[in-house]
Every structure is written in C-alpha cells, then in structure tokens.
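The values are calculated or read from the model by the stated rules, or taken from the named source; none is laboratory data. Just so we're clear, the structure is a prediction, and the values are computed from it rather than from any experiment. A quick note on method: Cβ atoms are made from the backbone with ideal geometry, for glycine too, and the neighbour counts reach across all protein chains shown. These area figures cover heavy atoms from the full protein model, side chains too; ligands, DNA and RNA do not enter into them. Shrake-Rupley method; radii C 1.70, N 1.55, O 1.52, S 1.80 Å.
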Amino acid sequence: MSDTDGSEAGTVRERRKALLEREIKDKACTLFARKGFDGTSLTDIADAVGLSRAAIYYYFENKEALLEAIVAEVSERPIQTLLGCHDRAAAGPAEELRDMVRRHVVSVIDRQVLMRMIAVTEAALPPALAARHAASKRRYLEDCRRIIRDGIRAGLFRPVDDRVAALAVIGMAAWTAQWHSPDRPPAPAELAEIFADMAVRALETDRSDSPAGSIDALLDGMRNQIGRLEQML
C-alpha cells in the first residue's frame, strides 16, 4: 500500500472517529436533558449509540469526562461568537450587537439539544467544570455590556442599565433552545435576523422619548417585538 493510500485510510478513520464522538455526545446530551446527569449511566449512553459500554471507554474515560467534553464545547461557543463580533467593532455598536445576536441565535439552534442539557445539568456540574463554564458566561456577558455601553456613550442606545439590558438580550437569544422547532418557520438564519433587529430596536434611542430613557422602555420594546414574532410563529 502506498503512503498516499495509508494517509487516506488514516483520514477516513479520523473522520469516522470524530463522527462517532459527535454521536456519543449528542445521545448523551439527550439522555442528560431527559434523565439528568446522575440518572444516566454509561450503559444508557452506549445502548443509545449502539455500542458496548467498553467501546465508550475508547472515546471517554468515564461519564464525567464525557460531560466535561460537552460543557467545554458549550463554554467555547460564546468565546468563538465574541471573536467573530470583534471583527465588526469598527462598524459601530449597533452593528456589533446585531452580529453578536445573529451568531448567538444560530449557535444555540445548531446545538439545541446540548443547550437544553446544560439548562438541566448546570447546577450539578463538578466545581472545577462549573467555574470554567461560569467564567465563559461572565466574559460573554461583560462583552455584551461593553457593546451596550459603547452605544449609550455614542447616543445610539437609551441610557439603560447595561447589565440588565445585556441579560435581556442574551436570555432572549438563549431561550430559542427551548422552543425553536426545525420543522416550523422561520429558518435559523431568518430567526437570527429577527432577533438581531429586536435587540437593536429595543435599545435604540427614540428621539420622541424622554432623554432619560429607562429599562422599562427597553423591556416594553422587546415585548412588542416578541409579540410580533409570536404572531409569525
């Protein structure tokens, strides 16, 4: 067999290994979300994938290592989203916020089962893993707050509480994991555009408003936009 043939065979093996690892993670996410981490055994996961329990050990040392790999993926996604948004910073706070929300919504829907699983198991994560996950969430929140503060300073956004506003924007995007159905419109890209527009419009300065603005105005704007979205769905 030539070196080329050996290289191609190795590539195929690595691809198969990656696909099987992905399937193990996906099945584990589904089971963790339904039964909880403590209520799910490696045998449950192996049965769902169609492997023996021993075969699972080839990919993951134990159930905790599998959970760590899943949570690491969740924790890294927000950072990847931030890095992409920073490329848009020069376009201004409004466009940067739009880009952040677009990326967030698409990322959540792309890993919908995983995000549901995290919502169920987050409180039960081992301390070191919980700290790592919390640090990622804090970094994401702080950068969203920074974008909103930049918009306020530029006179583009209402002078609202940037922490509350950032939590509202992030929560709105994250909650799509709980209700979005791939079988019903809108498609992820369209939904991402809707939410990006909602986030910016809810924060934008309305010249007819009192210059003081308020978080109530922000939330009212979001409620109105969500009402429109519910009608579409």
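Go through region 66-78 and give me each residue that's surrounded by 14 or more Cβ atoms within 10 Å (Cβ to Cβ) and at pLDDT below 75. Correct list: 74, 75, 77, 78. Against the condition exposed (fewer than 10 other Cβ atoms within 10 Å of the Cβ), part of a helix (DSSP H, G or I) and at pLDDT below 90, how does residue 4 come out, does it pass? Against the criterion (exposed (fewer than 10 other Cβ atoms within 10 Å of the Cβ), part of a helix (DSSP H, G or I) and at pLDDT below 90), residue 4 qualifies. Checked across region 125-135, the condition of being within 20 Å of residue 178 (Cα to Cα), open to solvent by 50 Å² or more (accessible area, probe 1.4 Å) and under 17 Å from the mean Cα position of the chain (by Cα) holds for no residue. Does region 148-159 contain any residue that is open to solvent by 30 Å² or more (accessible area, probe 1.4 Å) and under 29 Å from residue 32 (Cα atoms)? Looking through region 148-159, none of the residues is open to solvent by 30 Å² or more (accessible area, probe 1.4 Å) and under 29 Å from residue 32 (Cα atoms).
Looking across region 97-119 at every residue that is modelled with pLDDT under 85 and touching a Lys or Arg at 6+ places or on another chain (Cβ under 8 Å), the one that is surrounded by the most Cβ atoms within 10 Å (Cβ to Cβ) is identified as 114.
Scanning region 50-77 for residues that are in contact (Cβ under 8 Å) with a residue 60 or more places away in the chain and not aliphatic (A, V, I, L, M), which turns out nearest to residue 119 (Cα to Cα)? It comes out as 75.
The residue list 122, 142 contains one member that is assigned to a helix (DSSP H, G or I), open to solvent by 30 Å² or more (accessible area, probe 1.4 Å) and at pLDDT below 85, which is 122.
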